[in-house]
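Rule-based calculations on the coordinates, nothing more; no lab input. These figures come from a predicted structure and were not determined experimentally. All Cβ positions, even for glycine, are placed from backbone atoms using ideal geometry, and neighbour counts span all protein chains on display.
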Amino acid sequence: MADKGFAIQDLLDPSLKMPPKRDSNRQEVSIEEMLQAAREEIERLQQELVRKNNLSQFGLARFMYDDEMIRFSTGFSSVNVLKSLIDLIKLSAEKMRTWSQVQHDRAKKHGERIVHNELFVNMKKQSLALQDQFFMWLCKVKLGLFDQDLSVRFNVSISTVSRTIVTWSNFLYFTFGCLPRWPCRAQIKNTMPIVFKENFSNARLIIDCTEIKVQTPSSLVLHSEFYSSYKSATTLKGLVGITPSGAVSFIWKLYTKSISDREIVKRCGILGLLEDGDGVVADKGFTIADLL
C-alpha cells in the first residue's frame with residue numbers, strides 16, 4: 001500500500017508563501033519598544049491633561065507664563081519675582097497655623113463646646129495649594145475682589161475665602177512686619193522722580209489718611225463712632241505715608257472716624273522719624289505745619 005504521509009506544505013495553496021521565520025530576540029525588542037512608546041504617550045497625555053486643567057482653573061499655575069497677567073493680578077513685576085518670594089516663604093507657610101486652628105485652640109482653652117462643622121473639620125487639609133492661597137490673597141489686596149467673587153474664581157466656599165485671607169494676612173504680617181520700611185534720606189534722593197527734584201527737592205514723605213470699610217457694629221454707640229458721612233459707611237481711619245517714588249514707607253494703626261488727621265499725626269510717631277530739613281507733602285486739610 002502506498003505511503004499516504006504528507007507534509008503541511010502539501011495542504012497549502014502553492015501560490016502562497018510561508019512567512020519568514022521571526023527572530024525571537026527581535027520580537028522581544030519590538031514589544032519593549034512598543035511598551036516604551038506607550039509609556040511616553042501616556043505621560044504626554046497626562047501632561048496635556050494637567051495643562052488643560054490648569055488653564056480651566058483660576059490659579060497661579062494658569063498664569064505662570066504670563067508676566068502681564070501676574071503684574072495685573074498681583075502687582076509683582078514678573079512671574080520669576082513672584083516665584084522667588086513663594087520659594088522664600090514656602091517652608092514657613094507650610095507650618096503656619098490657620099485661622100480655624102487658632103479658633104479651635106482658643107475654644108479648647110476656655111472650655112467651650114467645639115462645634116464640628118465646616119470650621120473645624122479637616123483643619124489641616126487645605127482645599128487650595130499654598131501657592132494658590134497666596135495668589136488669592138494677592139488678588140484680594142491688589143484687585144479688591146469681593147469674597148464671593150474669589151469663591152467663584154477659585155471654586156471654594158465663601159467661608160474658605162474668608163479664612164484664607166485672614167490666615168495669610170496674619171502670617172505675612174508676622175513674617176515681614178518687622179522689616180524696616182523707613183528709607184534713609186540718600187535712598188529718597190536716589191529714587192526721587194524729576195518732577196519732585198525740580199519742585200519739592202526736600203520732600204521725604206507724602207502722607208494722607210485713608211478710610212477702610214468695616215462690618216457694621218451691632219452696638220448703636222459704636223455704629224455712630226464708626227460711621228463716616230464721607231464714605232456713607234462704617235469705617236476705620238489710618239495714616240499711610242509713601243516716598244516720592246511711590247513706595248509705602250509708613251503705616252499706622254486704625255482709629256475710629258471721630259479722631260482728627262492732626263491727632264493721628266501726633267500719636268503715630270512719624271514726627272520722631274523726620275530729620276531737620278525734611279519736607280512733608282500733605283493735603284491742605286492736614287493742619288500740621290506747626291508740628292514739623
Hey, with R₀ at 25 Å, roughly what FRET efficiency would Phe72 and Asn190 work out to, going by the Cβ-Cβ distance, to 0.05? 0.35
Approximate spin-label separation Gln215-Thr256, in nm, with each point projected 7 Å along Cα-to-Cβ: 1.8
Compute the relative contact order of the stretch 189-292 as a whole-number percentage, counting only Cα pairs closer than 8 Å that sit 6 or more residues apart in sequence. 31
Cα-Cα P(r), the stretch 143-231, percent of pairs per 5 Å interval: 3, 9, 11, 11, 13, 15, 14, 11, 9, 4, 0
Please give the FRET efficiency for Phe174 paired with Leu45, using the beta carbon to beta carbon distance and R0 = 30 Å, rounded to the nearest 0.05. 0.10
Checked against a 21 Å limit on the C-alpha separation, the offending pairs among Lys83/Lys140; Lys213/Lys237; Lys142/Lys266; Lys189/Lys266; Lys142/Lys237 are Lys142/Lys266; Lys189/Lys266
Shape of the stretch 147-292, Cα gyration tensor, a/c cut at 1.5: oblate
Please list, in chain and number order, the residues 5+ apart from Val281 or on another chain whose amide H is under 5 Å from its amide H, with Hs placed from the backbone. Arg204, Leu205, Ile206, Ile207
Run the numbers for Ala233 and Val166: contour at 0.36 nm per residue of separation, minus the present Cα-Cα distance, in nm. 21.9 nm
Charge tally in the Cβ shell below 9 Å around Leu130, where Lys, Arg are +1 and Asp, Glu are -1, Leu130 excluded: -1
Using the Cβ atoms and a cut-off under 11 Å, what net charge is assigned to the surroundings of Val79, where Lys and Arg are +1 and Asp and Glu are -1? -1
Efficiency of FRET from Cβ geometry, Gln57 and Arg267, R₀ 41 Å, rounded to 0.05: 0.35
Nonlocal amide H pairs with Ala233, under 5 Å, H built at 1.01 Å: Ser228
Neighbourhood charge, 9 Å Cβ-Cβ cut-off, centred on Arg185 and excluding it, Lys, Arg +1 and Asp, Glu -1: 0
